[in-house]
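Below: one structure, written as structure tokens.
The values are calculated or read from the model by the stated rules, or taken from the named source; none is laboratory data. In this text the structure is predicted, and so the values were computed from the model without any measurement. All Cβ positions, even for glycine, are placed from backbone atoms using ideal geometry, and neighbour counts span all protein chains on display.
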Protein chains: 6
Amino acid sequence: LRILVVNVNTTATMTEGIRQSAIAASGPDTEIVALTPAIGSPSVECNFESYLSAVAVMDAVVTYPEPFDAVIQAGFGEHGKEGLQELLSQPAVDIAEAAAQLAMSLGARYSVVTTLRRAVPMLEDRLRGAGLFERCVSVRAAGMNVLDLEEDPKAAIAAIVEEARRAVDEDGAEVIVLGCGGMAGLAEAIEDALKVPVVDPVAAGVVMAESLVRLGLRTSKVNSLATPPAKDLVGWPLRAPVRAPAV
Amino acid sequence: LRILVVNVNTTATMTEGIRQSAIAASGPDTEIVALTPAIGSPSVECNFESYLSAVAVMDAVVTYPEPFDAVIQAGFGEHGKEGLQELLSQPAVDIAEAAAQLAMSLGARYSVVTTLRRAVPMLEDRLRGAGLFERCVSVRAAGMNVLDLEEDPKAAIAAIVEEARRAVDEDGAEVIVLGCGGMAGLAEAIEDALKVPVVDPVAAGVVMAESLVRLGLRTSKVNSLATPPAKDLVGWPLRAPVRAPAV
Amino acid sequence: LRILVVNVNTTATMTEGIRQSAIAASGPDTEIVALTPAIGSPSVECNFESYLSAVAVMDAVVTYPEPFDAVIQAGFGEHGKEGLQELLSQPAVDIAEAAAQLAMSLGARYSVVTTLRRAVPMLEDRLRGAGLFERCVSVRAAGMNVLDLEEDPKAAIAAIVEEARRAVDEDGAEVIVLGCGGMAGLAEAIEDALKVPVVDPVAAGVVMAESLVRLGLRTSKVNSLATPPAKDLVGWPLRAPVRAPAV
Amino acid sequence: LRILVVNVNTTATMTEGIRQSAIAASGPDTEIVALTPAIGSPSVECNFESYLSAVAVMDAVVTYPEPFDAVIQAGFGEHGKEGLQELLSQPAVDIAEAAAQLAMSLGARYSVVTTLRRAVPMLEDRLRGAGLFERCVSVRAAGMNVLDLEEDPKAAIAAIVEEARRAVDEDGAEVIVLGCGGMAGLAEAIEDALKVPVVDPVAAGVVMAESLVRLGLRTSKVNSLATPPAKDLVGWPLRAPVRAPAV
Amino acid sequence: LRILVVNVNTTATMTEGIRQSAIAASGPDTEIVALTPAIGSPSVECNFESYLSAVAVMDAVVTYPEPFDAVIQAGFGEHGKEGLQELLSQPAVDIAEAAAQLAMSLGARYSVVTTLRRAVPMLEDRLRGAGLFERCVSVRAAGMNVLDLEEDPKAAIAAIVEEARRAVDEDGAEVIVLGCGGMAGLAEAIEDALKVPVVDPVAAGVVMAESLVRLGLRTSKVNSLATPPAKDLVGWPLRAPVRAPAV
Amino acid sequence: LRILVVNVNTTATMTEGIRQSAIAASGPDTEIVALTPAIGSPSVECNFESYLSAVAVMDAVVTYPEPFDAVIQAGFGEHGKEGLQELLSQPAVDIAEAAAQLAMSLGARYSVVTTLRRAVPMLEDRLRGAGLFERCVSVRAAGMNVLDLEEDPKAAIAAIVEEARRAVDEDGAEVIVLGCGGMAGLAEAIEDALKVPVVDPVAAGVVMAESLVRLGLRTSKVNSLATPPAKDLVGWPLRAPVRAPAV
């Protein structure tokens, strides 16, 4: 059972962190393959970067040469999942959705703690669009950017714990979802500090993908996620020089 | 890893069917223990029976003498999950919620096909209450009762397929959720007929419970699901003299 | 015209308080009969206790030997109303719903003030499930438990007034609903302090039940609330030997 | 206890029908006073007429010379209730809201059957605005206008029964609300034909108003429904010739 | 291209301010005609006044003797737009809706800053009723009344800026809508202070009306907004002495 | 005043049709510049193609060498608008949102008629995500693909009219929105056949963009749509050969 875990940014050390988290969460029969997209941004923190990553992740997956059983898009709340679902018949799992689903199984209300304030409306909209927002009482920002997480994990943990505590005390959260793929690996320390369940989204994505594979469930091809019809695309896949053959 | 799968009705053959489905869905390290409640109804098809089963399931679980890692309430859309969550720190999984979550991972819209028409508002309300109803385009009834499923599975499959096809053609469903614990084991035949992913709720409950256990996630005790304070309860647990004079 | 008012807990003094409130609210032709369930908890403050009370209230009602015209379930936001509705053709009124309906007739926004914080998500979910939550701007907790209400009504009033004032000033509430059956009788004092309409849920339940009876309206038996079909139930009704060891 | 029941149109025979229905629904101590507005339309079937009636009803009420305990606006889904609530401290009851509230107490889903198709969006919006639409599965039109109801009640009943039956069979309604003040008095015949509870909105308004009065509840004056500050209004009240002093 | 801009109150200086704002926003081919209603209140700050203004605005429009291409109802969140739409085939634009639509084009979340706190629920309900509330994160009141705006614009600007800043900092607003027709002309100063887009509702109404006229779009007459059928109305239009012919 | 109208697919004849429609809708001072993206699909009919087009449209806009005042993304319901908004300070208008806003100004309910059934959930989700879905009663598919529109406009009109008629008769639509940029130019013929207002989305986008420019309104830079911080992006903009410097 092989699962592709695709980082949404181009920072290889982040891909490695995600890979470690995914392996820690995976079952004994699962092989985790972590991919870094060939184009994009070193961190995805706005819609522009997220759309670029959407295409880059699809590109990374369709050009991956080996067979696989499921794909995990390891960016929290990024664009692109339905595109992946159309291109594949294997399950394609979004880590924000997986994490929200586990959180809803553990308490009556959950909050998301993410990095930057500017991402808050985007994450709210993504969860609402996925039909998983009703039990979310807040999306809060810890006030650091994605790459800060890597450089100073201790400060990151402290900032996340502080914001999560507010979510619990002021918003009524009973479960915390870490709202960034780059927070993979921090859940335990935060849970120790808070005494509240903390969901690592990469880990959530892994168990959800394994669950779907185990049950033989595949993406529905009956309507909106059917395989795109063959067309003369220009510049796809991205690997070859994009503009050469274009008019 | 031991998971309790608790039937919501008192029909032992149904418990056995659920057990078989749960085993088929479970991982190699999982031991499935199926319980039949000591009180209740031979099939749960209305709110009255569902409330009775809520208490009966809690009773069965709290009087189970061995350690376990998670509980699955194997009735689709029945009452009681939050009670179980309060009484336990292990994860307590509702099969309707688990099934809806998997369905939402596989297509843009899902439908539930259940047994009797009278259950439709109850199931709609339960899924809405769980915050998982937004992508549900219909709850349809195949027009048979729970025990019919056992007696004539072929007719049951035909009736479910017919209603599921309407869900796909008329309502825009891309995934079908089987809306009854007693439909465990029918998913494959229905999926073969429909060419649409079909989610077996008992199987969904098993993989969801295993997922939570694997990640070490437990029910939040921080607010609404905290352990009930000790009080002088009358008539709880139910086990002892309840069964003596019953018919 | 006889109305059963069923306490959800086993505390007889609480039943008496509820009875007094119900009598004060009832019309000249109404006979109030207050029942205490045979099993359950001395106070209902969590889902587990609430499910237990759901069954206990149904048991108390179906074993009541005299004819009656309506039933009031006198727990605020407890489980079980649809079960009662199925078992009876007389109206079965939930005091939380009745209170919310009166509150919505008196102002543009209302808030609920209940006892313990842990009940807040449960009450929100119950009102949302009843389709009566949209104009509710907050459910607030006064920070006392149910039995405190009885022991020190003055302190209870002060705490409720403080929280209700916040609801008015910060949340924009124009009407306050007392969110606990045990608060019956406190409305007047709180209204005096706040100068805002305060709805006593037991009183609301009584006038709502009388209204339905007066108009000859009965629970719909056309679909989801139809009388449960006869089945071989085990352990129902609960009355007989259950209470042997109880006081 | 005196209740004003204000017709929204200028047809005196309709006022008389409403008065009869209100009396039939009222308690022994209640005096029903039915008012016909001095301006407006012989039947209210669109927003323009409804806004005109809103002002006309307020005018009729503020110029009524005797004391009273509550007001019922006897148009189904018409504009103006919040205006009445501001002008009065006595309860002001909207018959659509009252009927929807009773309907929600009797079944899991309700439908409204009104007169003309053009009123459907208006009624949907009014119920949604009142926060009472979630359990409404359809608003259906019987295809007759308001005055047809008076002229040929038998045909009206047949048309309403037909549409109500569709609401039950196709939409899942368990309770029917008659969606027009002019349908007062038809409920019993329709209920006999359908075997489903049918709510007469004028009767619902009466019991709701009596309920509020009995409990001493009055319109909240704390924020949005506070008494309008005294200002130099032109043309109000409408009774005196409107334009004389105007420029 | 002639557009009627109808003030909702009877204060002529306010009409003049609205006219100036409308002219400033209008295109070179547009003639702005500003009307003051013949009846009503010098400022519209509650539902009663708003309903009165609804009728007064309709009266002013139907008695306007010249041809015109569109009408703008220049009160923020007032009642009556659907009535105007029924009476006319030309577009009738509500300034609150127009402003909300422009705001939603400029940022992910918007807030409204209005005059008095009592108007907040009314504005929330109007925007929700228009289907434009989902991206509104708050309606805030600057704590002044409508006529204060005219008397002391500097103080008004300061109070609005303060409240708007809270909307941005605490509620996450990215765009501010001025929630009162009388705030016309203040947008620029507020935008300079805040560095956030500020939408003037009168200006929004003008460009929206011009847009509809340019594209030849007219109010739909197919169902709910069809022209009211001819009936014997009493007291309409309001110009003639209302009560003369009445009984 | 120069407005960029960006086709989302690579078919130049379609760009030309969109340009003609945009010119027809634009004011005398507006210069319309129509762009075809350098990469992408000849028609955009699924999420994969839509994400690809999102990046292609951004690429086309950021590499456009001349100054401009607003951008219109001329694909109905495609991804990418928030990315454009971040990259620009000029207004960026989505034609689906603009069309829905105009439609909501003309009737109580609207429907969208698009090309293929598979697009329906995508369009529903996009409109819901934009907060403009509440008054949409249906998204219907005419059963043709995008390029069919160009090849056989008569057949296209007939199919759209048929589906639009159902929207009016069965769903209660009062206004029709053409749900595809490629339908530009068909509105008049469809409106003639239906006698219902029909909104051309490209035209709607033009008047909305002009409106924002006229009022000097620009995209909010205060939070989620702030300009992306400078980062070392790989493969952006797309014009240069993407993969050369990668690996």
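Which count do you get for residues in region A:185-208 that are within 22 Å of B:S26 (Cα to Cα) and either within 8 Å of chain B (Cβ to nearest Cβ) or of a type in the set (F, W, Y) (or both)?
4
What's the total number of residues in region A:166-223 that are of a type in the set (S, T, N, Q) and in contact (Cβ under 8 Å) with a residue 60 or more places away in the chain?
Narrowing region A:166-223 to residues of a type in the set (S, T, N, Q): A:211, A:219-220, A:223.
Then drop every residue that is not in contact (Cβ under 8 Å) with a residue 60 or more places away in the chain, which leaves A:219.
Of the residues in region A:166-223, 1 are of a type in the set (S, T, N, Q) and in contact (Cβ under 8 Å) with a residue 60 or more places away in the chain.
Might you let me know whether region E:166-183 holds any residue that is among the aliphatic types (A, V, I, L, M), closer than 23 Å to E:D94 by Cβ and more than 13 Å from every other protein chain (Cβ to nearest Cβ)? Show your work before the answer.
Of region E:166-183, the ones among the aliphatic types (A, V, I, L, M) are E:167-168, E:173, E:175-178, E:183.
Narrowing the set further to residues that are closer than 23 Å to E:D94 by Cβ leaves E:167, E:173, E:175-178, E:183.
Applying the additional criterion that residues be more than 13 Å from every other protein chain (Cβ to nearest Cβ) yields E:183.
Within region E:166-183 (the criterion being among the aliphatic types (A, V, I, L, M), closer than 23 Å to E:D94 by Cβ and more than 13 Å from every other protein chain (Cβ to nearest Cβ)), the answer is yes, since at least one residue qualifies.
Restricting to region C:22-56, and then to whatever is among the polar types (S, T, N, Q), crowded, with 24+ Cβ neighbours inside 10 Å and in contact with a strand residue (DSSP E or B) (Cβ under 9 Å, 6 or more places away or on another chain), can you tell me which residue is nearest to D:L212 (Cα to Cα)?
It comes out as C:S53.
Give A:S211, A:S220 a once-over and let me know the one that is part of a helix (DSSP H, G or I), among the polar types (S, T, N, Q) and either facing another protein chain (nearest Cβ under 10 Å) or closer than 30 Å to F:S53 by Cβ (or both). Break it down into steps so the answer makes sense when it comes.
Working: A:S220 fails: part of a helix (DSSP H, G or I).
Result of the check over A:S211, A:S220: A:S211.
Pairs, please: C-beta under 7 Å, at least 6 apart or cross-chain, first residue in contact (Cβ under 8 Å) with a residue 24 or more places away in the chain and in region C:56-67, second buried (at least 22 other Cβ atoms within 10 Å of the Cβ) and polar (S, T, N, Q)?
Pairs found: C:V57/C:Q73.
Across region D:137-160, what is the number of residues that are over 20 Å from the mean Cα position of the chain (by Cα) and either basic (K, R) or over 27 Å from D:Q73 (Cβ atoms) (or both)?
3
Within region B:161-184, take every residue that is assigned to a helix (DSSP H, G or I) and in contact with a helix residue (DSSP H, G or I) (Cβ under 9 Å, 6 or more places away or on another chain) and give me the one that is nearest to B:Q101 (Cα to Cα).
Keep residues of region B:161-184 that are assigned to a helix (DSSP H, G or I), which gives B:161-171, B:181-183.
Now narrow it down to the ones that are in contact with a helix residue (DSSP H, G or I) (Cβ under 9 Å, 6 or more places away or on another chain): B:161, B:164-165, B:168, B:181-183.
Values: B:V161: 21, B:A164: 18, B:R165: 21, B:V168: 18, B:G181: 16, B:G182: 19, B:M183: 18 Å.
Step by step, filter region B:161-184, then rank; the result is B:G181.
Go through region E:27-58 and report how many residues are facing chain D (nearest Cβ under 9 Å), assigned to a helix (DSSP H, G or I) and not aliphatic (A, V, I, L, M).
5
State whether one or more residues within region F:192-207 are over 30 Å from A:P121 (Cα atoms), of a type in the set (D, E) and either touching a Leu at 6+ places or on another chain (Cβ under 9 Å) or surrounded by fewer than 17 Cβ atoms within 10 Å (Cβ to Cβ) (or both). Before you say what the answer is, go through the steps one by one.
Filtering region F:192-207 down to residues over 30 Å from A:P121 (Cα atoms) leaves F:192-198.
Filter again for of a type in the set (D, E), leaving F:192.
Next, only the ones that are either touching a Leu at 6+ places or on another chain (Cβ under 9 Å) or surrounded by fewer than 17 Cβ atoms within 10 Å (Cβ to Cβ) (or both) stay: F:192.
Checking region F:192-207: at least one residue is over 30 Å from A:P121 (Cα atoms), of a type in the set (D, E) and either touching a Leu at 6+ places or on another chain (Cβ under 9 Å) or surrounded by fewer than 17 Cβ atoms within 10 Å (Cβ to Cβ) (or both).
Quick one: A:D152 ticks every box in (1) within 14 Å of chain B (Cβ to nearest Cβ); (2) modelled with pLDDT under 95 except a single one, so which number is it?
Failed condition: (1).
Return a yes/no flag: does region E:29-48 have any residue that is touching a His at 6+ places or on another chain (Cβ under 9 Å) and either within 21 Å of D:F48 (Cα to Cα) or not polar (S, T, N, Q) (or both).
Residues of region E:29-48 that are touching a His at 6+ places or on another chain (Cβ under 9 Å), as a first pass: E:47.
Filter again for either within 21 Å of D:F48 (Cα to Cα) or not polar (S, T, N, Q) (or both), leaving E:47.
Checking region E:29-48: at least one residue is touching a His at 6+ places or on another chain (Cβ under 9 Å) and either within 21 Å of D:F48 (Cα to Cα) or not polar (S, T, N, Q) (or both).
Is it the case that some residue within region E:143-161 is polar (S, T, N, Q) and under 25 Å from A:C46 (Cα atoms)?
Checking region E:143-161: not a single residue is polar (S, T, N, Q) and under 25 Å from A:C46 (Cα atoms).
Name every residue in region D:59-83 that is crowded, with 24+ Cβ neighbours inside 10 Å, touching a helix residue (DSSP H, G or I) at 6+ places or on another chain (Cβ under 6 Å) and more than 7 Å from chain E (Cβ to nearest Cβ), in order of residue number.
D:A70, D:V71, D:I72, D:Q73, D:A74, D:G75, D:F76, D:G77, D:E78, listed by residue number.
Mind checking which residues of region F:134-165 are without any contact (Cβ under 8 Å) to a residue 24 or more places away in the chain and of a type in the set (A, V, I, L, M, F, W, C)? So that I can check it myself, show each step before the final result.
If we filter region F:134-165 for residues that are without any contact (Cβ under 8 Å) to a residue 24 or more places away in the chain, which is where we start, we get F:134, F:151-152, F:154-155, F:158-159, F:162.
Passing the criteria: F:A155, F:A158, F:A159.
From (1) polar (S, T, N, Q); (2) buried (at least 18 other Cβ atoms within 10 Å of the Cβ); (3) within 30 Å of F:E45 (Cβ to Cβ), pick out the condition that doesn't hold for A:S211.
Every condition holds for A:S211 apart from (3).
Filter region A:168-193 down to the residues that are over 19 Å from A:D152 (Cβ atoms), among the aliphatic types (A, V, I, L, M) and in contact with a strand residue (DSSP E or B) (Cβ under 7 Å, 6 or more places away or on another chain) and list them by number. Don't jump to the end; show me each part of the working.
Of the residues in region A:168-193, the ones over 19 Å from A:D152 (Cβ atoms) are A:168-177, A:191.
Still in the list and also among the aliphatic types (A, V, I, L, M): A:168, A:173, A:175-177.
A:A173, A:V175, A:I176, A:V177 - these are the residues of region A:168-193 that are over 19 Å from A:D152 (Cβ atoms), among the aliphatic types (A, V, I, L, M) and in contact with a strand residue (DSSP E or B) (Cβ under 7 Å, 6 or more places away or on another chain).
Would you call A:V62 out of contact with any His (no Cβ under 9 Å at 6 or more places or on another chain), modelled with pLDDT of 95 or more, over 20 Å from A:A12 (Cβ atoms) and among the hydrophobic types (A, V, I, L, M, F, W, C)?
Working: out of contact with any His (no Cβ under 9 Å at 6 or more places or on another chain): yes; modelled with pLDDT of 95 or more: yes; over 20 Å from A:A12 (Cβ atoms): yes; among the hydrophobic types (A, V, I, L, M, F, W, C): yes.
Yes: the conditions hold for A:V62.
Would you point out which residue out of B:A187, B:A164 is surrounded by 24 or more Cβ atoms within 10 Å (Cβ to Cβ) and within 15 Å of the chain's Cα centre (by Cα)? I'd like the intermediate steps shown before the answer.
Numbers: B:A164 fails: within 15 Å of the chain's Cα centre (by Cα).
So the residue among B:A187, B:A164 that is surrounded by 24 or more Cβ atoms within 10 Å (Cβ to Cβ) and within 15 Å of the chain's Cα centre (by Cα) is B:A187.
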